Amino acid sequence: MGKYFGTDGFRGEANVNLTVEHAYKVGRFLGYYYGKNHKANIVIGKDTRRSSYMFEYALVAGLTASGADAYLLHVTTTPSVSYVVRSEGFDCGIMISASHNPYYDNGIKVINGGGYKLEADVEALIEEYIDSEKDTLPLATKENIGRTVDYYIGRNRYVGYLISLATRSFKDMRVGLDLSNGSATTVAKGVFDALGAKTFVINSEPDGTNINKDCGSTHIEYLQKYVIENNLNVGFAYDGDADRCLAVDEKGNIIDGDLILYLCGVYMKRRNELANDTIVTTVMSNLGLYKALERQGIRYEKTAVGDKYVFENMMTNGHALGGEQSGHIIFSKHAMTGDGVLTSLKLMEVMLESKAPLSELLKEITIFPQLLVNVKVKNKKEAREDEAVIEAVGQVEKELGSEGRILVRESGTEPVVRVMVEAETGETCKIMVDRVVKVLKEKGHVL
């Protein structure tokens with residue numbers, strides 16, 4: 001990770017550690033970098049945060065000052081930006097969003113011409129330019145100054161693409177959608193309505209400050225209750241920029257990313273669509289998933305946390321399915337990034353083709369109890385590498401043996417160390433997590 005760009009772009013609190021000056025300089029560099037040999041065409045999307053408009057205008061100012069034309073998708077999803085970039089020949093795309101973070105945070109995600117996240121070496125060049133004391137990039141003049149283009153049609157084409165991927169009608173299916181007051185408000189309901197579902201929607205009235213607030217994939221308990229109260233077949237919850245999806249079955253049970261990978265992986269294998277009979281996961285995936293995949297004859301590979309690492313593995317090895325427990329699921333045949341709405345369509349396909357409710361399809365998998373605690377620390381690296389912390393983690397690993405595991409890692413987007421334990425019982429998980437957190441506190445790392 002760089003100084004500004006983490007695992008999911010340049011993220012921070014708006015006007016605190018992510019400012020309009022940062023956004024302007026990102027735009028200036030991208031317009032220059034992609035416009036060396038021709039006039040650069042760059043597409044921009046944003047989520048519903050109050051600050052997204054501010055950053056959009058700052059990016060546009062930087063891009064056009066460097067001579068690039070900026071095409072505005074307005075409020076849209078991260079995967080739609082990826083789709084438009086790769087399908088319509090843009091030099092790159094920019095998504096303004098902090099995903100699942102609170103409304104006062106924001107982020108700048110840059111997507112390259114292939115539709116996936118920007119290369120680390122280019123991010124390093126952007127960071128170098130941001131920190132430079134003197135602006136050495138040329139400014140466009142006269143007719144070479146860039147312009148903005150209203151490009152909402154690009155989002156409409158993405159919606160049409162999603163609709164085209166459905167294998168059958170959703171008629172008579174009662175589907176709940178929690179849109180998280182975010183980007184999905186411009187996409188998801190239209191897709192499900194067009195496919196014939198009886199669509200029930202909650203959290204679809206963004207006001208700039210309510211994105212992810214007690215809603216969406218980070219607060220799925222509201223959708224659980226909604227599905228049961230309205231006798232729905234299934235519910236889907238998205239995050240702020242709709243690149244992740246979690247589901248709720250007809251009984252109100254949560255279907256996280258691991259369970260989605262299992263359902264789609266087994267379905268794809270039976271249809272000879274699971275390339276290499278392999279699923280790509282991150283180190284956060286549950287032991288129960290791995291045991292269930294082994295019973296189904298499906299192999300798996302593990303990457304560092306972050307869908308960019310999952311995607312890199314998939315591209316390198318030719319795998320078709322991968323994702324994270326948090327709900328970033330990548331279907332490489334159809335998308336270059338996690339896509340929440342696409343994931344929900346794929347789960348609908350599994351249900352409809354299997355002619356069974358989701359609860360029935362999950363009988364063969366048992367998920368181990370898991371506890372994840374986010375510990376706010378002064379310095380992530382120092383906390384994780386403290387010898388006393390390492391010793392405590394090692395002791396927990398020894399006691400858990402093959403029937404559990406512990407993972408301690410630095411967050412890529414927040415000032416926290418994440419302590420995760422899986423074990424046969426929730427009580428054991430708590431005991432082991434508390435033991436490590438206690439050492440972090442005793443050594444003075446916790447804020």
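The values are calculated or read from the model by the stated rules, or taken from the named source; none is laboratory data. This structure is a prediction, so every number in the text was calculated from the model and none was measured. Virtual Cβ from ideal backbone geometry, glycine too; neighbours counted across all protein chains shown.
Return the residues of segment 357-375 that are surrounded by 13 or more Cβ atoms within 10 Å (Cβ to Cβ) and either in contact with a Phe, Trp or Tyr (Cβ under 7 Å, 6 or more places away or on another chain) or outside any helix (DSSP H, G or I) (or both); say none if nothing qualifies.
The answer is 357, 362, 365, 367, 368, 369, 370, 371, 372, 373, 374, 375.
I'm trying to understand the selection: among the residues of segment 57-86, which are under 18 Å from residue 181 (Cβ atoms) and either of a type in the set (A, V, I, L, M) or more than 17 Å from the chain's Cα centre (by Cα) (or both)?
The answer is 74, 75.
Quick check on my filter: what residues within segment 170-183 are assigned to a loop (DSSP other than H, G, I, E, B), of a type outside the set (Phe, Trp, Tyr) and either in contact (Cβ under 8 Å) with a residue 40 or more places away in the chain or in contact with a His (Cβ under 7 Å, 6 or more places away or on another chain) (or both)?
173, 179, 180, 181, 182
Which condition number in (1) of a type outside the set (Phe, Trp, Tyr); (2) part of a loop (DSSP other than H, G, I, E, B); (3) surrounded by 19 or more Cβ atoms within 10 Å (Cβ to Cβ) is the one that residue 191 fails?
Looking at each condition in turn, residue 191 falls short on (2).
Being surrounded by 15 or more Cβ atoms within 10 Å (Cβ to Cβ), of a type outside the set (A, V, I, L, M), out of contact with any Phe, Trp or Tyr (no Cβ under 7 Å at 6 or more places or on another chain) and at pLDDT 95 or above is true for just one of 141, 148. Which residue is that?
On the way: 141 fails: surrounded by 15 or more Cβ atoms within 10 Å (Cβ to Cβ).
Residue meeting the stated conditions: 148.
Looking at residue 293 and the list (1) within 22 Å of residue 109 (Cβ to Cβ); (2) aliphatic (A, V, I, L, M); (3) free of Cβ contacts under 8 Å to residues at least 40 places away in the same chain, which single condition is not satisfied?
(1)
Would it be correct to say that residue 3 is surrounded by fewer than 16 Cβ atoms within 10 Å (Cβ to Cβ), modelled with pLDDT of 95 or more and among the basic types (Lys, Arg)?
Here the answer is no, as residue 3 does not meet what is asked.
Residue-by-condition table, conditions (1) out of contact with any strand residue (DSSP E or B) (no Cβ under 6 Å at 6 or more places or on another chain); (2) modelled with pLDDT under 95; (3) surrounded by 20 or more Cβ atoms within 10 Å (Cβ to Cβ):
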position	(1), (2), (3)
162	yes, no, yes
170	yes, no, yes
197	no, no, yes
206	yes, no, yes
210	yes, no, no
227	no, no, yes
232	no, no, yes
238	no, no, yes
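Regarding residue 330, is this residue among the aliphatic types (A, V, I, L, M), within 22 Å of the chain's Cα centre (by Cα) and not in a helix (DSSP H, G or I)?
So residue 330 passes the test.
Restricting to segment 245-275, name every residue that is under 21 Å from residue 333 (Cα atoms) and either in contact with a strand residue (DSSP E or B) (Cβ under 7 Å, 6 or more places away or on another chain) or modelled with pLDDT under 95 (or both).
245, 246, 257, 260, 261, 264, 265, 268, 274
Looking at residue 85, is it farther than 30 Å from residue 358 by Cβ, free of Cβ contacts under 8 Å to residues at least 60 places away in the same chain, assigned to a helix (DSSP H, G or I) and touching a strand residue (DSSP E or B) at 6+ places or on another chain (Cβ under 9 Å)?
Here the answer is yes, as residue 85 does meet what is asked.
Considering only segment 60-74, state which residues are crowded, with 21+ Cβ neighbours inside 10 Å and more than 15 Å from residue 140 (Cα to Cα).
Across segment 60-74, the qualifying residues are 71, 73.
Please state which one of 199, 167, 218 is touching a helix residue (DSSP H, G or I) at 6+ places or on another chain (Cβ under 9 Å), farther than 22 Å from residue 363 by Cβ, of a type in the set (S, T, N, Q) and touching a residue at least 60 places away in the same chain (Cβ under 8 Å). Full working, then the answer.
Working: 199 fails: touching a residue at least 60 places away in the same chain (Cβ under 8 Å); 218 fails: touching a helix residue (DSSP H, G or I) at 6+ places or on another chain (Cβ under 9 Å).
Going through 199, 167, 218 in turn, just one is touching a helix residue (DSSP H, G or I) at 6+ places or on another chain (Cβ under 9 Å), farther than 22 Å from residue 363 by Cβ, of a type in the set (S, T, N, Q) and touching a residue at least 60 places away in the same chain (Cβ under 8 Å): 167.
For segment 99-118, enumerate the residues that are within 13 Å of the chain's Cα centre (by Cα) and either modelled with pLDDT of 95 or more or of a type in the set (Ser, Thr, Tyr) (or both). If you could, list the steps in order and put the result at the bottom.
Applying the first criterion (within 13 Å of the chain's Cα centre (by Cα)) to segment 99-118 yields 99-101, 107, 109, 116-117.
Matches in segment 99-118: 99, 107, 109, 116.
For segment 423-439, which positions are in a helix (DSSP H, G or I), of a type in the set (A, V, I, L, M, F, W, C) and under 16 Å from residue 401 (Cβ atoms)?
Here is the first cut: in segment 423-439, the residues in a helix (DSSP H, G or I) are 426-439.
Add one more test, that the residue is of a type in the set (A, V, I, L, M, F, W, C), and what stays is 429, 431-433, 436-437, 439.
Listed by number, the residues that qualify are 429, 431, 432.
Run down 265, 288 and say which single residue is surrounded by fewer than 20 Cβ atoms within 10 Å (Cβ to Cβ) and in a helix (DSSP H, G or I).
Answer to the check: 288.
Any chance segment 351-368 includes a residue that's of a type in the set (Phe, Trp, Tyr) and either over 25 Å from the mean Cα position of the chain (by Cα) or within 30 Å of residue 113 (Cα to Cα) (or both)?
First pass over segment 351-368, keeping only residues of a type in the set (Phe, Trp, Tyr): 368.
Pick out the ones that are also either over 25 Å from the mean Cα position of the chain (by Cα) or within 30 Å of residue 113 (Cα to Cα) (or both) and you get none.
The answer is no; no qualifying residue exists.
With the structure loaded, tell me whether residue 301 is among the charged types (D, E, K, R), assigned to a loop (DSSP other than H, G, I, E, B) and more than 18 Å from the chain's Cα centre (by Cα) or whether it fails that test.
Values: among the charged types (D, E, K, R): yes; assigned to a loop (DSSP other than H, G, I, E, B): no; more than 18 Å from the chain's Cα centre (by Cα): yes.
No: the conditions fail for residue 301.
Looking only at segment 88-118, which residues are within 24 Å of residue 414 (Cβ to Cβ) and assigned to a loop (DSSP other than H, G, I, E, B)? Full working, then the answer.
We begin by selecting, within segment 88-118, every residue within 24 Å of residue 414 (Cβ to Cβ); these are 94-111, 116-118.
Of everything in segment 88-118, those that are within 24 Å of residue 414 (Cβ to Cβ) and assigned to a loop (DSSP other than H, G, I, E, B) turn out to be 97, 98, 99, 100, 101, 102, 103, 104, 116, 118.
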